[in-house]
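This report concerns only the one structure given below.
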Amino acid sequence: MSGTYPTSKDEPTLVDRSDNAPIGVDYNRGANYVNKDTNDIVPTSQTETKPPTPPPASTDTPKFDGNEHTSSSSIESSTPDAPAVPDIEPESTSDIDPVPDVDLVPDVDPVPDVDPVPDVDTEPDVAPEPDVDIEPDVDIDIDLGGGIIGCTTAYFLTRHPLYKPDRDSITLLEATKIAGGASGKAGGLLALWAYPGAIVPLSFRLHEELAREHGGSERWGYRRVHAGQLSAVGRGKGWKKGEGISLEKRKNEAVAEGRLRAARIPSGLDWFDAGCLRGYSEMGDPGTTAQVHPYQFTTAMAELAAEKGLKIVIGKVGEIGQENGEVRSVTYTSAEGETKSLSATDVVIAAGPWTKSVYPTAPISALRAHSVTIRPSKPISAFAIFTEIRLGGTTVSPEIYARPNDEAYCCGEGDTLVELPAISADVKIDPKRCQDIIDHVGSISDELRDGEVLVRQACYLPNVEGPASGPLIGPTGVKGLFMAAGHTCWGIQNGPGTGKLMSEFIFDGKATSAKVRSLDPRNVL
């Protein structure tokens, strides 16, 4: 059967066919309705689109007879008095005009709630430059000390990627002259078997790179060498010049050759007397050992740094000024005796054995060492020799380094008989100790004993007291104050590595080229 919703007040109750429960009429959702009286399905199209008609003004409206279909138009024509058109207009409007119900503009208008402009586009929140720009407007770095550590630090500061010559000021403050202390009077031996292991590989590699970049072979005598320990019996003081025979003079004799083989002496050591030698053990070969002329190398580092903006000031440090736990200045006495002050953001104490005069609690002591340089009577091969010479009732241990400029560097044992003077220019030389070195090396080599003594000198080496296993490299605990001191006899070897690390501490805030936590000054200060 077909039919429409009744329009009379006697319209039957419609129920949901699924459970036969009475429900109200839903014109929008299209529920499945049936006519309860006839049990016929009311078409979905009618239930979805036909709105209920309000009760008629008259009770004479024809009743739904269940047998014939009467369209809406026939109903309206049969009831001329019913206000059909006005009734349909608002009903149709209520049926198809969903705007009041679904218009979400007032509820979801994001402008006041999600517009991010007031939250993030404000000067305090989006102006991070003062917080993230780690480069200061003016970076003023001062190296205290014109030795190898201060000069290599200056060099690597001027080569750091963040260094800007038009912004950063780097000053090297030295009391007397560049390389006036141990850095100008050391042996200049470089070795992968040196110590401490934390920085030796880095520094040994940097030596090679510096020599390659700046012509170090010609400029500061960089070359690879052999190193070994030589045991010998020295000729006493009664020995006269010409009585001994060097390996060069006897190298073709069977006796000399037998002694060479028995003692396992390298053939290059022909400048030692065959009758004196007892044994040789290699400590390093050209793959692990090299040398430089320390004075030439140290001054070259200062010159190369000066080419990039380093300022060198001669003056004795008086005080490091601090404010609120930060470095602010350095006071010094100039060569003319005037008291002056330099502003500073970062200060590197690289004063070697004089570190305590700048930082009194630093555990740095001083050991005096004497040395001589000799021009041998004939050229000698590229060896660094550590000797043990039995001489009379004692054993002496001078070191002998052959240099490429036709000289031999020879040094003896250290002493603490004389206190450290105020400046390197006042170091006292003991002539007897220098003569002892000459006699000791001459007791096993004609070439050295017959050679010309060029220099007699003394210097002080910085040693770290207590349990520390190496130099002190890094921050001190005072913001902007760093320490690089206590390198003992390996200052030339470890100078480039230390300078590189100090430039990283200052510009990067941490060491990146090597792990040097064990060398942190704060471990002992």
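Met283 accessible area, nearest 10 Å², 1.4 Å probe?
Accessible surface of Met283 is approximately 70 Å².
I'd like the accessible area for Lys500, computed on protein heavy atoms only with a 1.4 Å probe and all protein chains in place. Round to 10 Å², please.
Counting only protein heavy atoms, Lys500 exposes about 70 Å² to solvent.
How long is the gain from Tyr195 to Asp450 if the chain were fully straight, where each residue apart is worth 0.36 nm and the alpha carbon distance is subtracted? Intermediate values should be presented prior to the final figure.
Working: separation 255, 0.36 × 255 = 91.80 nm, distance 3.50 nm.
Roughly 88.3 nm would be gained on extension.
What accessible area per residue comes out for the stretch 136-222, rounded to a whole number of Å², with a 1.4 Å probe? Before the final figure, lay out each step's value.
On the way: 2990 Å² over 87 residues.
The answer is 34 Å² per residue.
Which entries in Lys356/Lys500; Lys316/Lys515; Lys378/Lys500; Lys308/Lys510 show an alpha-carbon gap greater than 28 Å? Working shown, then result.
Working: Lys356/Lys500 23 Å; Lys316/Lys515 33 Å; Lys378/Lys500 39 Å; Lys308/Lys510 23 Å.
In this structure, Lys316/Lys515; Lys378/Lys500 exceed 28 Å between Cα atoms.
Averaged per residue, what accessible area in Å² does the stretch 310-449 show with a 1.4 Å probe, protein chains only? Don't skip to the end; give the middle numbers.
On the way: 6330 Å² over 140 residues.
Result: 45 Å² per residue.
How much length is gained on full extension from Lys177 to Lys378, taking 0.36 nm per residue of separation minus their Cα-Cα distance? Mind showing how you got there, number by number?
Details: separation 201, 0.36 × 201 = 72.36 nm, distance 3.32 nm.
That pair, Lys177 and Lys378, stretches by 69.0 nm at full extension.
Against the empirical 2.2 N^0.38 Å scaling, what ratio does the C-alpha Rg of the stretch 306-347 come to? Please report the intermediate quantities before stating the final value.
Working: Rg = 11.6 Å, N = 42, 2.2 N^0.38 = 9.1 Å.
Scaled against compact globular proteins, the figure is 1.27.
Carbon-plus-sulfur fraction of the accessible area of the stretch 381-514, 1.4 Å probe, in percent?
In the stretch 381-514, the share of accessible area belonging to carbon and sulfur is 49 percent.
At 1.4 Å probe size, put Glu452, Glu209 in order of accessible surface, largest to smallest.
Glu452, Glu209
With all protein chains present, calculate the accessible area of Leu420 using a 1.4 Å probe and round the result to the nearest 10 Å².
Number for this one is 60 Å².
Any idea how far the Cα center of the stretch 167-184 sits from the one of the stretch 288-357, in Å?
The stretch 167-184 and the stretch 288-357 have Cα centres separated by 5 Å.
Which residues in the stretch 469-486 place their backbone N less than 18 Å from a point set 7 Å from the Cα of Gln322 along the Cα-to-Cβ direction?
Only 473-485 pass the distance filter.
The values are calculated or read from the model by the stated rules, or taken from the named source; none is laboratory data. Remember, predicted model here, so these are calculated numbers, not experimental data. Note that we place each Cβ from the backbone using ideal geometry, even for glycine, and neighbour counts take in every protein chain shown. Just so you know, the surface numbers come from the protein's heavy atoms only, side chains and all, with ligands and any DNA or RNA stripped out. Shrake-Rupley method; radii C 1.70, N 1.55, O 1.52, S 1.80 Å.
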